[in-house]
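All remarks here apply to the structure that follows.
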Amino acid sequence: MNAPDPAVVSPMPHVMNTYGRLPIALSHGRGCWVWDSEGRKYLDGLGGIAVNTLGHAHPKLVPALQEKLAAKLCEISGLDAVFFCSTGLEANEAALKIARKYGHDRGVERPEIIVYEGAFHGRSIATLSATANPKVQAGFGPLVEGFVRVPLNDLAAVERVARENPNVVAVFLETIQGEGGIHPSRWDYLQGLRQLCDQQHWLLMLDEVQCGIGRTGKWFAHQWAGIRPDVMPLAKGLGSGVPVGAVVVGPKAKNVLGPGNHGTTFGGNPLAMRAGVETLRIMVEDGVMENAATVGAALKAGLERELKGVAGVVEVRGQGLMLGIELDRPCGVLLQRAAEAGLMLSVTADKVIRLVPPLILSVDEAAMIVAILCPLIRAFLAEGA
Ligand SMILES: Cc1ncc(COP(=O)(O)O)c(C=O)c1O
């Protein structure tokens with residue numbers, strides 16, 4: 001290989017000029033060999049400047065880390081196998097592909113998936129089509145077809161679809177809707193869905209991207225209902241800030257995708273896997289999930305106590321440290337006011353103040369949230385509609 005002429009090295013105007021760069025974009029490696037984006041192969045005499053002890057994509061290191069996290073996710077969910085990716089929407093895309101392929105494998109040519117009013121599943125074309133929020137969809141049509149929408153917690157509506165639509169192959173919902181305004185599925189509703197899915201040979205796919213990984217006080221929110229899904233997309237909390245996504249599947253879905261059916265470049269990378277393994281390990285070691293349950297209950301009780309009987313407060317709801325306070329009017333201005341008072345929060349579905357703090361929140365910090373937030377809510381509501 002000829003040494004490149006530094007004069008023709010393409011500049012990167014937004015990256016600080018601290019390195020003499022070669023005009024080479026390396027795309028991947030294996031062992032002591034690396035490849036550039038044009039397919040040229042190089043023997044790696046650099047090793048990331050003496051970093052890469054085991055070479056690139058070591059066949060023991062990468063699978064060992066992937067297997068460690070996958071095995072832990074299977075252990076805590078009671079499910080069988082995992083596909084790793086990097087974000088929530090990617091996990092949901094994989095779930096949707098599993099559902100369609102599951103349908104095709106069973107001879108359903110145009111498989112359809114039951115989705116929900118109030119749902120949020122991401123912002124790719126398929127996941128925004130499964131999402132119910134018109135603001136998320138506006139400007140991005142035509143939407144992906146093959147979704148049938150029903151209201152949450154209405155089993156009769158799903159039974160009606162079962163009677164009328166032979167193309168349905170799966171039910172796809174957030175165990176607790178997050179972006180839609182913290183709407184929990186009733187536990188008896190989830191049990192009913194589980195039964196119906198078994199009778200109909202449908203996949204039950206529970207999006208636990210927001211409510212999973214200990215947030216509600218159990219590893220997964222559906223565990224409160226004592227059921228297991230067939231497909232469970234995860235992301236957000238799994239890497240505690242490092243991007244990690246996963247789809248965890250049970251026996252019905254385990255062998256639906258085969259070699260070549262799905263893939264991703266960064267899914268299962270060593271950093272992501274280590275972040276996932278350590279997040280789950282620390283959660284167990286430090287009792288983080290139990291903390292989410294007890295502090296979440298204290299926070300909810302404090303909010304209910306302070307907001308009881310306040311005109312304009314519709315409901316305080318949620319589980320563990322996934323709580324929503326619904327008001328009878330849009331309350332986006334509270335974001336700014338809370339920030340000025342030293343509290344970060346979000347307002348979702350226009351009227352719902354959402355609290356999804358770190359799961360290590362202490363009882364004292366929960367009391368501080370109540371002390372800052374409730375007077376702001378009362379003052380806001382007193383201003384009139
Ligand atoms: C329930 C749910 N599913 C999927 C997503 C999408 O995840 P991501 O933003 O990582 O693509 C979100 C994000 O808010 C979510 O709350």
Item to check | Sequence-distant residues sharing a close amide H with residue 80 (under 5 Å, placed H) | outcome: 249, 250
Item to check | Distant-in-sequence amide H partners of residue 150 (H built 1.01 Å from N, under 5 Å) | outcome: 115, 116, 117
Checklist entry - On a 0 to 90 degree scale, rounded to 10, what angle separates helix 88-105 from the longest Cα axis of the chain? => result 90
Checklist outcome for this item: Cross-link reach from residue 252 to lysines, straight Cα distance under 16 Å and at least 8 residues apart if same chain, gives 97, 101
Checklist outcome for this item: With the 1.4 Å probe rolled over protein heavy atoms, the chain has an accessible area per residue in Å² of 50
Checklist entry - Leaving out same-chain residues fewer than 8 places away, which aspartates and glutamates sit with a Cα under 16 Å from that of residue 236? => result 90, 93, 174, 179, 207, 208, 278
Checklist outcome for this item: Relative to the chain, whose Cα atoms define the longest principal axis, helix 61-77 and its Cα axis are tilted in degrees, nearest 10, by 20
Item to check | Gain on full stretching of the segment that runs from residue 336 to residue 284 - 0.36 nm per residue minus C-alpha separation | outcome: 15.2 nm
Checklist entry - Where does helix 363-382 land angle-wise versus the long Cα axis of the chain, in degrees 0 to 90, nearest 10? => result 60
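Whenever you get a sec, compute what percent of the accessible area on the range 43-171 sits on carbon and sulfur atoms (1.4 Å probe).
After summing per-atom areas, the C and S share lands at 57 percent.
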Checklist outcome for this item: Of all DSSP beta bridges having both residues in the chain, the percent classed as antiparallel (nearest 5) is 70
Checklist entry - Sorted by packing (mean other beta-carbon atoms within 10 Å per residue), highest first, where do 181-190, 37-46 land? => result 181-190, 37-46
Item to check | residue 53 accessible area, 1.4 Å probe, all protein chains in place, Å² to nearest 10 | outcome: 130
Item to check | Residue-averaged 222 nm ellipticity for the chain, from DSSP H runs of 4+ at -39500 (n - 2.57), nearest 500 | outcome: -11000 deg cm²/dmol
Checklist entry - How many Å³ per residue does the convex hull of the Cα positions in the chain occupy? => result 193
Next on the checklist: With a 10 Å cut-off between alpha carbons and a GNM built on the chain, which of 122, 287, 267 moves the most?
Outcome noted: 287
Checklist entry - Given the pairs 41/68; 135/218; 135/254; 68/218, which span a C-alpha to C-alpha distance of over 24 angstrom in this model? => result 41/68; 135/218; 135/254
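The values are calculated or read from the model by the stated rules, or taken from the named source; none is laboratory data. Since the model is a prediction, treat every value here as computed from it, not as a measurement. Reconstructed Cβ throughout: ideal geometry from the backbone, glycine too, with neighbour counts over all protein chains shown. Calculation scope for accessible area: heavy atoms of the full protein, side chains included, ligands and nucleic acids excluded. Shrake-Rupley method; radii C 1.70, N 1.55, O 1.52, S 1.80 Å.
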